[in-house]
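In what follows, a single structure is set out as structure tokens and then discussed.
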Amino acid sequence: MSDLAIAEEARSAAADQEQAAPKSRLAVTLIELALAVGSFGIGTGEFAIMGLLPNLAQEFAITTPQAGYAISAYALGVVVGAPIIAVLAAKLSRQTLLLMLMAIFAIGNAVSAIAPTFESFVLVRFLTGLPHGAYFGVAALVAASLVEPNKRTQAVARVMLGLTVATLIGTPIMTFFGQILNWRILFASVGVMGALTVALIWLFLPKDKVEEGASPMRELGAFKRKQVWFTLAIGAVGFGGLFSVFSYIASTATQVAGMPESAVPLMMALFGSGMIVGNLVGAWFADKNLIGTIAGTLAGSAVVMTLLWLTASNPYLLSLLVFLVGCSVALGPALQIRLMDVAADAQTLAAASNHSAFNIANALGAWLGGLAISAGYGFESTGWVGAVLAVAGLGVLAWSIASEKRSLATA
């Protein structure tokens with residue numbers, strides 16, 4: 001079967017799912033809210049720790065870079081956990097799987113809050129990261145099944161809205177209280193958010209049936225499809241630019257643009273605002289033209305990051321460009337839907353693996369940005385690093401489209 005035929009089969013399945021979706025707009029909204037609360041908790045826990053590394057290092061008597069291992073451990077858990085859980089849980093209903101994933105996340109954060117040693121803390125952070133990707137993947141599948149096929153990306157974006165709002169609200173609030181009280185309050189609070197999500201999903205998401213024929217082998221079939229790999233590669237490479245800039249934005253603002261340290265929270269807020277706008281507006285465009293939105297987001301990112309590299313010394317232009325870099329998160333929901341379209345009957349594994357790809361992008365972008373800075377090109381060089389990664393993502397997309405056309409021609 002050609003990749004285009006697979007995509008059409010997936011869209012047909014989505015249409016069939018919509019017939020069984022709750023007809024009440026209130027019911028759909030409550031389900032989306034429940035899932036978004038979970039994404040808010042995950043986003044808060046993932047990002048707020050970055051501002052609390054000095055506090056964590058002080059308590060455990062280690063250096064701040066060593067404390068950063070906890071972030072790496074969580075990211076590794078996301079990358080490893082998403083595909084493994086998706087395969088092993090193939091015979092579970094989506095409601096059951098979501099409840100289990102968020103329960104593990106809640107417990108992991110609660111244990112993180114009381115970890116007695118740094119080694120135990122790092123281990124628990126790895127375990128807590130395991131359900132991250134699978135949760136977002138399954139939540140996206142559920143959200144897409146609740147609406148008409150031409151509104152799927154917007155439904156996924158509403159669930160992802162919790163993650164983007166976390167960067168604007170959850171992260172700064174938790175960082176503030178973590179600094180004046182104790183860093184452990186962050187993980188205790190996120191654990192409570194996880195428990196609340198479990199309750200909301202149990203209350204609002206109806207029990208569903210396991211799809212007929214579901215099995216680990218069927219899920220693994222996703223990795224036999226070239227378009228799944230192409231789409232994951234677009235995310236892993238093209239999204240790296242956002243993380244290249246975001247990872248060093250504080251130093252870029254203070255050391256290149258000459259802004260005071262008090263302006264760093266404002267820059268973070270601008271970035272978070274851009275993520276919210278990009279998430280919602282990009283999803284609207286993706287429902288009109290999916291491939292065009294992916295291509296446009298990558299091309300726009302390349303331009304914005306090039307301008308950031310050239311004008312980073314101007315605090316006003318830097319502020320605008322940081323907002324626009326945040327807008328490139330529009331790529332996330334669009335790629336999520338693309339994966340659903342090309343994965344056919346192995347959607348859980350494909351959707352969950354999307355977040356493994358994003359965490360690879362996180363590591364790749366931060367690493368390459370760090371290399372450019374260490375080579376003496378300055379913090380503004382993260383802009384051209386991001387532009388190169390965005391162009392590389394466009395190249396993968398072009399390769400993907402060409403391969404799809406060849407498959408159709410030979411079908």
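Summary of computed values
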| quantity | calculated |
| --- | --- |
| Fraction of accessible area attributable to carbon and sulfur, segment 256-361 (%, probe 1.4 Å) | 73 |
| Most fluctuating residue given options GLY292, GLY194, GLY282, as computed from a GNM of the chain linking Cα atoms under 10 Å | GLY292 |
| Per-residue HN-Hα couplings for segment 30-38 [Karplus 6.51, -1.76, 1.60; θ = phi - 60°; Hz; x = Gly/Pro] | 5, 5, 4, 4, 4, 5, 5, 4, x |
| Calculated [θ] (222 nm, deg cm²/dmol) that DSSP helices of n ≥ 4 give over the chain, each run adding -39,500 (n - 2.57) | -26000 deg cm²/dmol |
| Accessible area in square angstrom per residue, the chain, 1.4 angstrom probe | 40 |
| Anisotropy class of segment 180-326 from Cα gyration tensor, a/c 1.5 cut | oblate |
| Residue of ALA330, ALA344, ALA372 that the Gaussian network model of the chain assigns the largest fluctuation, springs spanning Cα pairs under 10 Å | ALA372 |
| Residue-by-residue Karplus 3J(HN,Hα) for segment 383-395, coefficients 6.51, -1.76, 1.60, Hz, glycine and proline x | x, 6, 4, x, 5, 4, 5, 5, 5, 4, x, 4, x |
| From phi via Karplus (6.51, -1.76, 1.60), per-residue ³J(HN,Hα) for segment 144-150 in Hz, x at Gly/Pro | 5, 6, 8, 10, 5, x, 7 |
| Protein accessible area in segment 113-186, 1.4 Å probe - carbon and sulfur % | 73 |
| Long-range amide H partners of LEU205 with built H, under 5 Å | none |
| Calculated FRET value between LEU310 and THR64, using beta carbons and R₀ = 35 Å, to 0.05 | 0.65 |
| Local electrostatic count at GLY178 - Lys and Arg +1, Asp and Glu -1, tallied over other residues with Cβ under 12 Å | 0 |
| Relative packing of peptides 102-115, 167-180, 227-240 - highest average C-beta neighbours within 10 Å first | 227-240, 102-115, 167-180 |
| Set of lysines near LYS209 by C-alpha distance (under 19 Å), chain-local residues within fewer than 8 positions excluded | LYS23, LYS91 |
| Accessible area, probe 1.4 Å, largest first, for residues LYS226, LYS91 | LYS91, LYS226 |
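The values are calculated or read from the model by the stated rules, or taken from the named source; none is laboratory data. None of these values were measured; they are calculated from a predicted model. Cβ sites come from the backbone with ideal geometry, for glycine too, and all protein chains shown count toward neighbours. Just so you know, the surface numbers come from the protein's heavy atoms only, side chains and all, with ligands and any DNA or RNA stripped out. Shrake-Rupley method; radii C 1.70, N 1.55, O 1.52, S 1.80 Å.
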